[in-house]
Amino acid sequence: MKLINIWLLLLVVLLCGKKHLGDRLGKKAFGKASCPSCSHLTLKVEFSSTVVEYADPIVPCNETRWSQKWQSSRPLRRASLSLGSGFWHATGRHSSRRLLRAIPRQVAQTLQADVLWQMGYTGANVRVAVFDTGLSEKHPHFKNVKERTNWTNERTLDDGLGHGTFVAGVIASMRECQGFAPDAELHIFRVFTNNQVSYTSWFLDAFNYAILKKIDVLNLSIGGPDFMDHPFVDKVWELTANNVIMVSAIGNDGPLYGTLNNPADQMDVIGVGGIDFEDNIARFSSRGMTTWELPGGYGRVKPDIVTYGAGVRGSGVKGGCRALSGTSVASPVVAGAVTLLVSTVQKRELVNPASVKQALIASARRLPGVNMFEQGHGKLDLLRAYQILSSYKPQASLSPSYIDLTECPYMWPYCSQPIYYGGMPTIVNVTILNGMGVTGRIVDKPEWRPYLPQNGDNIEVAFSYSSVLWPWSGYLAISISVTKKAASWEGIAQGHIMITVASPAETEAKNGAEHTSTVKLPIKVKIIPTPPRSKRVLWDQYHNLRYPPGYFPRDNLRMKNDPLDWNGDHVHTNFRDMYQHLRSMGYFVEVLGAPFTCFDATQYGTLLMVDSEEEYFPEEIAKLRRDVDNGLSLVIFSDWYNTSVMRKVKFYDENTRQWWMPDTGGANIPALNELLSVWNMGFSDGLYEGEFALANHDMYYASGCSIAKFPEDGVVITQTFKDQGLEVLKQETAVVENVPILGLYQIPTEGGGRIVLYGDSNCLDDSHRQKDCFWLLDALLQYTSYGVTPPSLSHSGNRQRPPSGAGLAPPERMEGNHLHRYSKVLEAHLGDPKPRPLPACPHLSWAKPQPLNETAPSNLWKHQKLLSIDLDKVVLPNFRSNRPQVRPLSPGESGAWDIPGGIMPGRYNQEVGQTIPVFAFLGAMVALAFFVVQISKAKSRPKRRRPRAKRPQLAQQPHPPRTPSV
Amino acid sequence: MLNLAALLWRRLLRKRWVLALVFGLSLVYFLSSTFKQEERAVRDRNLLQVQDREQPIPWKVQFNLGNSSRPSNQCRNSVQGKHLITDELGYVCERKDLLANGCCDVTVPSTKQYCCDGCLANGCCEAYEHCVSCCLQPSKQLLLERFLSRAAAAFQNLFMAVEDHFELCLAKCRTSSQSVQHENTYRDPIAKYCYGESPPELFPE
């Protein structure tokens, strides 16, 4: 099995390699894996004669073997986003042929940048900064490198990796693989070493320099999960506030949800996702909502836009072209496009981070069948963005620009579950973009205007929003709930929200004047009668903790490459498949973002707690006990917790330059045991792993714990596993029989609920899941909701006597752990941390409705564009007819297609900048030779062949040559 | 076409002065473009050079520009502020009190010059705008000159590009590599904007 995985990975890597290096047309059949410790591979791919070469420098090659080395010095938190990490997640499941057909193309021409070039816009007078691995001096592709600076501890300005060169090439290369803005002023900031190491402090100093240099556009093809790195996040805000347009890659951690990278996930930054040339979202592109707002709120929509990021051609380290994939590639495509766009604007004072982002998202083309947490506003459309920007008037706008909770799949997950009375309010996190000024505010309050003919009075809305919109942006969170009178009503309700944004008018003479802009946000929701209690499942989000800020280790210890639990543990991030499954089974899933004291247990059949790391308030423990006595059921999927293993998985974090010790295990078992102690239940600190079969289903237990004690009258299922704790600690293999992993228990009192314990959460979690156990969750929910004990479990041959827990010491919290630093429950105290006072439950104040007697437009989306823009007014010259087609490269064709003739203004095409010195030198030599001949008084005529051969080319100079000269 | 070229060749290009001209121009262009490239290379390398301790860095900062040399009555200002803004004369005002010329409205009572509110004895302030304003005090010039003379190599890129007192204060007050511990936390999360020589006090964990 393991071998198969290795080969799948290798195959994916090699197939990807084909498309990367598709431009190498020599029919030599050799390929080489780039990591030095790997053996060099030779492979000829049968379906084409082109060379397969995988040139990416960051292929992990120690991955395929189960290694006991737990310390990791890998820079975890911020990495350049080339494809290496992206394809790492590729399991080979979808290594389809589509990928192979993706032939590298000229991305600037594909996006029709040549239309703007012909209008004379080439990025001139725009300062664009590339924060990356540097760029070598005198690279033949660049004509306007203004400055190169180094901020690393390596004494070089040159790019040893090729990442920085490629990124700079996509933005500003002038030949071969053309970039978008060849005339832009390039400022190269080297902030990554050749080993891909970088620190926040290097970035801080480099960013300060970028502000001083008044950079207009800054590309960051980098990212990491640490949005709690306040010095870095604050600095990015500061740059935006200083009018630097930040463009950043959203990350290569897809297709898993909850994988957005910082800084692309910030609302002031243009976060860019990747697609292939067939308009499919690239598999590697990170997606899902932002997780900053959890547990109480809901995440923002990101990425903002998507563009080509797979098999894009760009500059090689020493010249020439190569193709790369990754959101690292998509980001400079947008940065280059923005640079080109900025150079088209006559009134530069209109260009700011908000107005550019507004133009990009208003012009983006929506991709069919893809939700907004994958594609944002859609695919970059350079020419439409140009049209919008050229008639732009400062204003505020919203992202998303309307809320249609019925629209599938674009508004997934909202469209996946209708709302009903008594449910947790649905929260939509809208980003306000304010093109009028770096600061702004919402005037008065947002207004809620329900449409009476369309039952708008059946919903209530509440707002929370940024008190100050800074820098250029803010949030507006809208909580939507159903009124009591619609408790048994079914239908669609509509209305809209009006907000007015004001910014100081700094260009006007009058002091204290303000610009204002009013925006309308249509809302459409589907309401159903409240479902029965048994169908309603409550997901506990409040007790899930994650990285950042603390070290919360992965639930599957084999995944040492990705040691942090950072995807949010939300039903719309890494538990998305489970959510989809529960919805398809007819369950309604709601999310609890507050302590257990804040929900009405009579509404819900089952409280689902998966992989909880947080502690519990004493009041919560008491309340949950009462709730269960009164019929609430509890399903707990726990995970490992072993203090010896926790000490073993500590590692030295290169990024923070300190040792990182986990603050919990996969789950917080000591805390869970306190919660469960009233029922005489508890988990152990054992650590088990293995494959097994349960009720004819193949299962995999990945780093889970066992049940240490369970009531006599409960049902307990056991299995035989490997002791993974022993394996991790002592590298010894031992098999343990009869490990209790599943327990079912009915509270004996009248009307009491049921409790289910399972020792491993990996089979529900999308990250690194090998075999799902959704069938088991179904069976367990059947049990908790209806009291039907699944026969497959109750009559299982693996049923054993419940363990009494006698003679076993209960697992203790790790001494000296720092959980209280990140916990909402604990606070530091002399001695042991103590629980804080129980916080008040969140209270929403519903906006006073101002009913309207009007009807909503039938299509909400089309009505929501930027104001005062008439696209037809901005006429584009009709260059398309004579625009050479950008064709895919077919095998055997010469590489001359690199510069389709006549696209760029002549001077670039002829490479005048580089060839004039050569001509001049040749001319001088010819003249010198002539003099020598004259002086020696030779009778015969000097040879004229050479100069005559030169002449036609010189004579043609005013016209661009038809044939490209490479 | 070919005949014309041949004619041109015979008539014109065989004259010595024409050839001399072509030769000369070509040589000049060749040499100048070659030199230009070398010049750039040198500038690149400068940024990496480790400066000798004895040799002071040739800062171009000029402190005593005064009001007279400022063009007209336009002001540069600190641009970024959420609530406050500081102009190059050292006035701090609320954003709504900023005039169209970029200067603070000095007639508003809340506008203050050389304001050190929220600044500690170590030269670190709670608000960026107050740091810049405080740093613009003429009496801080000595402190800044002393800082420049000892500036770490890491800051040379930044402070070599600074041209006057205002730019120096804008740059100096920003959070930088000196402001952090463990890379991802501030040494002092409150008073983090420093015009002085020392980094912020290490905040007890």
Between the stretch A:128-156 and the stretch B:105-173, the alpha-carbon center distance in angstrom: 30
Residues B:GLN141 and A:TRP659, FRET efficiency given R0 of 35 Å [Cβ-Cβ distance, rounded to 0.05]: 0.20
For B:94-104, mean number of other protein chain Cβ atoms within 10 Å: 4
DSSP-loop trypsin sites (Lys or Arg not before Pro) across the stretch A:299-348, with at most 13 other Cβ within 10 angstrom: A:LYS318, A:LYS347
Interchain or long-range residues, amide H under 5 Å from A:ARG148's placed H: A:ILE188
Average beta-carbon neighbours from other chains, 10 Å sphere, peptide A:225-233: 4
Tail weight of P(r) past 16 Å, computed on alpha-carbon pairs of the stretch B:84-194, percent: 60
The stretch B:84-194 - accessible surface per residue (Å², probe 1.4 Å): 37
Loop GluC sites (Glu not before Pro), the stretch A:421-502 (other Cβ atoms within 10 Å of the site Cβ: 15 or fewer; DSSP): A:GLU490
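Quick one: net charge of A:ALA364's neighbours, Cβ under 10 Å, K/R +1, D/E -1?
Here the count lands on +2.
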The stretch A:263-331 pair-distance distribution - Cα-Cα, 5 Å bins, rounded %: 4, 18, 22, 18, 15, 12, 6, 3, 2, 1, 0
Shielding by partners, peptide B:170-177 (average Cβ within 10 angstrom, other chains): 6
Computed accessible area, A:LYS213, all protein chains, 1.4 angstrom probe, square angstrom: 60
Anchor A:LYS143: aspartates and glutamates whose Cα lies under 12 Å away (excluding residues fewer than 8 positions away in-chain): A:ASP183, A:GLU185, A:GLU911
Relative contact order (%) - criterion: Cα under 8 Å, at least six apart; region: the stretch A:223-290: 35
Burial ranking of peptide ranges A:580-593, A:397-410, A:197-210 (average Cβ count within 10 Å, highest at the top): A:197-210, A:397-410, A:580-593
Computed accessible area, A:THR518, all protein chains, 1.4 angstrom probe, square angstrom: 70
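Given the stretch A:380-501, report the % of alpha carbon pairs whose separation exceeds 22 Å.
Here the long-distance tail beyond 22 Å is 44 percent of all Cα pairs in the stretch A:380-501.
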Anchor B:LYS192: aspartates and glutamates whose Cα lies under 16 Å away (excluding residues fewer than 8 positions away in-chain): A:ASP205, A:ASP229, A:ASP234, A:GLU238, B:ASP117, B:GLU126, B:GLU129, B:GLU183, B:GLU201, B:GLU205
Equivalent ellipsoid, the stretch A:675-791 (semi-axes from 5 times Cα gyration tensor eigenvalues, Å): 26, 17, 12
Accessible area of B:LEU202 in the full protein assembly, 1.4 Å probe (Å², nearest 10): 100
Segments A:229-240, B:160-171 sorted - mean Cβ within 10 Å per residue, highest first: A:229-240, B:160-171
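At most 14 other Cβ atoms within 10 Å and a DSSP loop assignment: could you name the trypsin sites (Lys or Arg not before Pro) in the stretch A:468-528 that fit?
Listed in order of number, the matching sites are A:LYS510.
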Convex hull (Cα only) mean projected area of the stretch A:738-786, reported in nm² to one decimal: 4.3
Contact surface A-B: accessible area buried, both sides summed, square angstrom, 1.4 angstrom probe: 5400
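The values are calculated or read from the model by the stated rules, or taken from the named source; none is laboratory data. Note that the structure is a prediction, hence the values are computed from the model and not measured. Note: ideal-geometry Cβ built from the backbone for every residue, glycine included; neighbour counts use all protein chains shown. Note: accessible area is taken over every heavy atom of the protein model, side chains too, but ligands, DNA and RNA are not part of it. Shrake-Rupley method; radii C 1.70, N 1.55, O 1.52, S 1.80 Å.
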